[in-house]
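Peer 1: Could you have a look at this structure, given as structure tokens, before my questions?
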Amino acid sequence: MPSLIGDKNADVVSRGMIDYDIPETLPSYLEGFFSNDVAPGLDCLPTPLRVLPDWTLLLLMKGKLPSRIVNVLLHKRVMQSAQVENHALVSGNTTSQFIRQVLYGLLLLGSSPVKEHDRKGKNLRTDGRKADPSSQKVSEVKEYDREGTELTYRMVKAILPSAAQHLQLDTLDKAPHSVRLEVFLETLRVSQSTLNGIPPHLELPVAVTYYWLRHAHPQPDRPLLQALLLGLVYGEFCRERKCQGVEAEGPVLERLRELTQNPVGADLNLGVAHAYSQWQCCLREGLNLNQLLCFPLTEPQCAWLYRGTLVHQLVTKLRGGLTPDSLLIGGPCSGQLYRAMLGAILNSHDASVIPLVSVPRKATPPSLTQPLDDLTA
């Protein structure tokens, strides 16, 4: 190790590795996980990791909880991932900061004091009394991210939305579904009625898209939204064809597939890349929050949600005058899905904050017989 990173840093790295030292007894418990779907008990985990609630262990081992929650609980720090974006603008992770703040709040402000441990494993509170939320100190997480092209960090405050004030991390999995759903929707500022008519597995991407429109900077224009939704439509019917053998929407799928096979222009539009980088950050944090809340919304199949080549080409075409209507000809189901998602976003209660499209009349769910031009022009 010293030959690779230099003697100066070797001690620092070695000390950091001790935090995650795996006890010799742990491998014996792996058989129970792989054979019987049982997680190891807290007593066989390294002492620092015993801050984890019991219900999280099996989900973490299955990859159904974000592993970053360990760093948040243990060290109160997070390293943000790098994105393909315009480094002259603020990091795309800034767009999804509020979602992370709620996630941090659920982890740090919703912890039961009897479960809190210091780094030596000593219980900080032993009286069994529940914490008074008003007496809890402010918790912050150190986030490492880029500023321009330089790595830097900032302290991000953990917060709890009103719907989560009485939730405890130790029993979060036992909270009523309606409460967990309310926390998720309140965080993304989306109402339940907004998602009516959306297939359950696409509710989360639609909610994230609405959040992205309200928080992204620069403000996304109409072609960026249209291309993103067309990409979701394409992925959905490709998924049905692949997984369910449903041969439908052939003309639409072929039309969209041609854009990925014959891209126009090799140069990357950095503005488009930055906008979609922000969307992907919001989607990632939305997935993390949904997982921590034990899936109040159906988890989408992420592999089908986004295809960069397609959406970049669609933005170019749409800005050049092509309409979604012309792309959706011959696909009644794809047109219906596109209208439902677009209508859900534009007809939401807070649609006035989205300047890219005006809604001149009272918001109503889009009719399935409504001319596609009305919503896609």
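Peer 1: With labels modelled as points extended 7 Å from the Cα through the Cβ direction, what inter-label distance (nm, one decimal) is found for residue 75 paired with residue 303?
Peer 2: 3.1 nm
Peer 1: Just the number, please: carbon plus sulfur as a percent of the accessible area of region 207-350, 1.4 Å probe, no ligands or DNA/RNA counted.
Peer 2: Ligands and nucleic acids excluded, carbon and sulfur give 51 percent.
Peer 1: Give the calculated FRET efficiency between residue 258 and residue 333 to the nearest 0.05, with a Förster radius of 22 Å applied to their Cβ-Cβ distance.
Peer 2: Using R0 = 22 Å, I get an efficiency of 0.65.
Peer 1: With a Förster radius of 35 Å, plug the Cβ-Cβ distance of residue 38 and residue 154 into 1/(1 + (r/R0)^6) and report the FRET value to the nearest 0.05.
Peer 2: The formula returns an efficiency of 0.30 here.
Peer 1: Continuing with this model, one more query. In region 185-204, whose amide N lies under 13 Å from the spot 7 Å out along Cα-to-Cβ of residue 166? List them in ranges.
Peer 2: Output list for this probe position: empty.
The values are calculated or read from the model by the stated rules, or taken from the named source; none is laboratory data. Here the structure is a predicted model, which is why all the values come from computation and not from measurement. Here Cβ is always computed from backbone atoms with ideal geometry, including for glycine, and neighbour counts include all displayed protein chains. Heads up: the accessible areas ignore ligands, DNA and RNA and are worked out on the full protein's heavy atoms, side chains in. Shrake-Rupley method; radii C 1.70, N 1.55, O 1.52, S 1.80 Å.
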